[in-house]
Amino acid sequence: MDLSNLKPAKGSVKRSKRLGRGQGSGKGGTSTRGHKGAQQRSGYNKKIGFEGGQMPLQRRLPKFGFNNINRTEYKAINLETLQRLAENGNLEKIDLGVLISAGLVSKNAKVKILGKGSLERKLEVHAHAFSQSAVKAIEAQNGTIVKI
């Protein structure tokens, strides 16, 4: 075997259609595009969701719902997470800096403390919002909450 008798696998190489090269080629004239209309012309592209002139699905279905532009998005942090953080870092105070350095929130996020889990140590917790159950649990351990 040498380079002179290498060839691609049978059926792996296909010849391209030579369009618009005369009637004798069988693909002259309209070049397989049919007669007239948008699809026959260059630069044609179909709109997303186009259904051949039928009313498209996104226009048949009614609009619904509501997006409140004044909604405040909070990143939820549970008490069990605070407990784990306090144990691992031997902390008395948990604020945004601690949560950011632990990778739990981004620097621009607003934080809400939720009451899932239990707390076994006295903590000073700084956050933007607290659930009622979280406040009870923190104050039960003689901890303090500070709303930012």
Next on the checklist: Which residues does the label zone of residue 100 cover in the stretch 107-140, counting backbone N under 12 Å from a point 7 Å along Cα→Cβ?
Outcome noted: 107-110
Checklist entry - Taking the simple approach of a point 7 Å from Cα along Cα-to-Cβ for both residue 118 and residue 13, what is their distance in nm? => result 7.6
Checklist entry - Using the 10 angstrom Cβ neighbour count as an exposure proxy, how do 25, 42 rank, fewest first? => result 42, 25
Item to check | Protection-proxy order for peptides 28-34, 5-11, 64-70, each taking the mean of Cβ atoms within 10 Å per residue, highest first | outcome: 28-34, 5-11, 64-70
Item to check | Diffusion coefficient, µm² s⁻¹, Stokes-Einstein with Kirkwood Rh over alpha-carbon pairs of the stretch 19-65 at 37 °C and 0.692 mPa s | outcome: 241
Checklist entry - Once the Cα gyration tensor of the stretch 94-148 is diagonalised, what are the square roots of 5 times its eigenvalues, in whole Å and ordered largest first, as equivalent ellipsoid semi-axes? => result 19, 11, 10
Checklist outcome for this item: Counting only DSSP beta bridges with both partners in the chain, the antiparallel fraction in percent, to the nearest 5, comes to 5
Item to check | Net charge dipole size for the stretch 19-65 [Lys, Arg +1 and Asp, Glu -1 on Cβ; Debye, nearest 20] | outcome: 80
Checklist outcome for this item: Assertion target for 50, 130, ordered by fewest C-beta neighbours within 10 angstrom first, is 50, 130
Checklist outcome for this item: Computed for the chain: size of charge dipole around the Cα centre, +1 on C-beta of each Lys and Arg, -1 on C-beta of each Asp and Glu, debye to nearest 20, value 1960
Next on the checklist: Under the rule a/c < 1.5 gives rounded, and otherwise a/b versus b/c splits prolate from oblate, where does the stretch 1-115 land using the Cα gyration tensor?
Outcome noted: oblate
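Any read-out appearing in this document is the output of simple, stated calculations on the displayed coordinates, not a laboratory observation. Computed from a predicted structure; not experimentally measured. Here the Cβ is made from the backbone with ideal geometry for all residues, glycine too, and neighbour counts use every protein chain on show.
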